[in-house]
Amino acid sequence: MRIFKNRGDIYFSKVNKKKSAEQRILITALIVILVFTMFFVTALAVKYNFSAKKFFAPDDLILTQITDEQEEPLPQVSGKSNYILLVNSDDNLLFATLIQVDMDNISYKISNLKASTICDGTSLSDVFKQSGAQNVQKAVESLLGTEFDYYISMDHKKFADFFDELGDFYYPILSEIKYKSSGEEVNYSVKLKSGEQKLNGSQVVNLIRYYLNEQNNSSAANDLILNSLLQQSSSKNFAKSETLFRHFVTSADTNITVRDFSLAGDKILVLTDERTGINTYSAIAEYDSNSISNDSLQKIKGYFIK
C-alpha cells in the first residue's frame, strides 16, 4: 500500500497490515495515557503551588558559583613609620596628633597632645609660633626619645576640607554636647546630639579640641581619630589615592614627598583592602597641669618606639 506519490514514498505490505493496525491502537492508548497524566499533574500543581524550580532548588539550597578567577594575594609589607600632625590656625597650634603606622603588626597607634603640652620647658604652641612645624617635631622627638619620620602641618580649614574629601564619617556621641569657647585666640563651638552622628571635618577638629582642653580626655580624642582612620581607609580612596595625595601636598606643609608616596603604594594597598584586619592602639596622654605624667609618658614612648 502506497501512502505518498513522490520520491521517498512509504509502503506498507499487505502482510503487515494487521500488525500495523495493532501498533496504531497501542500508540493511541499511549497518547491518551500521557495526556491524562499531564492533566493530572497540572491539576496538582495548581492546587499545591508546586513548581519544578522549588522541587529541584529548595529555599535552603545555596548555590555557589565556581570560577577560575581567584583574588590576588596582598603584597608582603613591613616597617613602622611615625607621623606628627599639627592642626593650626595661622601661627596658633590647636593640637598635635602622633600617629604610628605599624605594618609589622598592621596597626594604627594614636596619641593626641594638647597645644599647651610642655616639652623641655616650652609649650608646643610656643615652639610652633616661634619656629614652625619642624621644631615641634624635634621637641616631640626629644620628649619621647624616638624619631618621627614625617611632619604634617595643616590649617584647620584645609584639614577639614581634606577630611571631607575622604568620605562620610560616622561616630557615636555618648551624650549631648553644647559648648562655646570664649577668650581663646581661636574660638570654637561644639553642638552635637547624643547617638550616632555624621561628622564633617570642622566638627572633628572642634570635637578633638573639646575632648583635650575642656574634658581633659585624650582617650576620647584618640578614639575619634582611630575611628576615622578605620572608616576612611577604603578601597574607594585607594582608587583615587593619587588625586588625594595631590590635594594633600597642596594643602599641607610637610616633608612627605612624591617619592615617599610612591614607595608606600603596597602599604596603602594593604591598609585599604577590605580583607585586611587593622589593629588600633590608643596611647593616652595624662597630664599634671600641662606636663604629661611620667607613667603616661613611658607608655606613649612604648607605643612609638621603632
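Here is how the numbers come out for the structure above:
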| item | result |
| --- | --- |
| Criterion (without any contact (Cβ under 8 Å) to a residue 60 or more places away in the chain, surrounded by fewer than 18 Cβ atoms within 10 Å (Cβ to Cβ) and closer than 24 Å to Ala252 by Cβ) met by exactly one of Tyr179, Tyr171 | Tyr171 |
| Region 196-215: number of residues that are assigned to a loop (DSSP other than H, G, I, E, B) and either more than 25 Å from Asp126 (Cβ to Cβ) or in contact with an Asp or Glu (Cβ under 9 Å, 6 or more places away or on another chain) (or both) | 2 |
| Which listed residue is modelled with pLDDT of 95 or more, under 17 Å from the mean Cα position of the chain (by Cα) and over 19 Å from Lys109 (Cα atoms), from Ala239, Ala252 | Ala239 |
| Count of residues meeting criterion [open to solvent by 70 Å² or more (accessible area, probe 1.4 Å), out of contact with any Pro (no Cβ under 7 Å at 6 or more places or on another chain) and not small (Gly, Ala, Ser)] in region 182-212 | 5 |
| Selected residue (only one of Lys306, Lys267, Lys301 is modelled with pLDDT under 95 and either crowded, with 17+ Cβ neighbours inside 10 Å or more than 16 Å from the chain's Cα centre (by Cα) (or both)) | Lys306 |
| Contacts under 8 angstrom Cβ, first residue in region 283-306 being without any contact (Cβ under 8 Å) to a residue 40 or more places away in the chain and small (Gly, Ala, Ser), partner part of a loop (DSSP other than H, G, I, E, B) and open to solvent by 50 Å² or more (accessible area, probe 1.4 Å), 6 or more apart | Ser293/Glu286; Ser296/Ile284; Ser296/Glu286 |
| Region 213-248, subset among the hydrophobic types (A, V, I, L, M, F, W, C) and under 18 Å from Thr97 (Cα atoms), residue surrounded by the most Cβ atoms within 10 Å (Cβ to Cβ) | Ala221 |
| Some residue of region 291-300 being in contact with a helix residue (DSSP H, G or I) (Cβ under 7 Å, 6 or more places away or on another chain) and closer than 25 Å to Lys236 by Cβ | no |
| Enumeration of residues in region 224-271 that are among the polar types (S, T, N, Q) and without any contact (Cβ under 8 Å) to a residue 60 or more places away in the chain | Asn227, Ser233, Ser235, Ser241, Thr243, Thr250, Thr257, Ser262 |
| Positions within region 103-119 being touching a Gly at 6+ places or on another chain (Cβ under 9 Å) and open to solvent by less than 40 Å² (accessible area, probe 1.4 Å), in sequence order | Met103, Ile106 |
| Close pairs (6 angstrom Cβ cut-off, 6 or more residues apart or separate chains): in contact (Cβ under 8 Å) with a residue 60 or more places away in the chain and of a type in the set (A, V, I, L, M) in region 185-203, open to solvent by 10 Å² or more (accessible area, probe 1.4 Å) and outside any loop (DSSP other than H, G, I, E, B) anywhere | Val186/Ser89; Val186/Asn92 |
| Test: residue in region 185-203 that is of a type in the set (Gly, Ala, Ser), over 21 Å from Ile152 (Cα atoms) and at pLDDT below 95 | no |
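Residues checked against (1) farther than 26 Å from Ser202 by Cα; (2) open to solvent by 50 Å² or more (accessible area, probe 1.4 Å):
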{"site": "Gly121", "(1), (2)": "yes, yes"}
{"site": "Ser125", "(1), (2)": "no, no"}
{"site": "Lys129", "(1), (2)": "no, yes"}
{"site": "Gly132", "(1), (2)": "no, no"}
{"site": "Val136", "(1), (2)": "no, no"}
{"site": "Leu144", "(1), (2)": "yes, no"}
{"site": "Phe148", "(1), (2)": "yes, no"}
{"site": "Ser153", "(1), (2)": "no, no"}
{"site": "Lys157", "(1), (2)": "no, yes"}
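The values are calculated or read from the model by the stated rules, or taken from the named source; none is laboratory data. Just so we're clear, the structure is a prediction, and the values are computed from it rather than from any experiment. Glycine also receives a Cβ, built like all others from the backbone with ideal geometry; neighbour counts cover every protein chain displayed. Quick note on the areas: whole protein, heavy atoms, side chains included, nothing else; ligands and nucleic acids left out. Shrake-Rupley method; radii C 1.70, N 1.55, O 1.52, S 1.80 Å.
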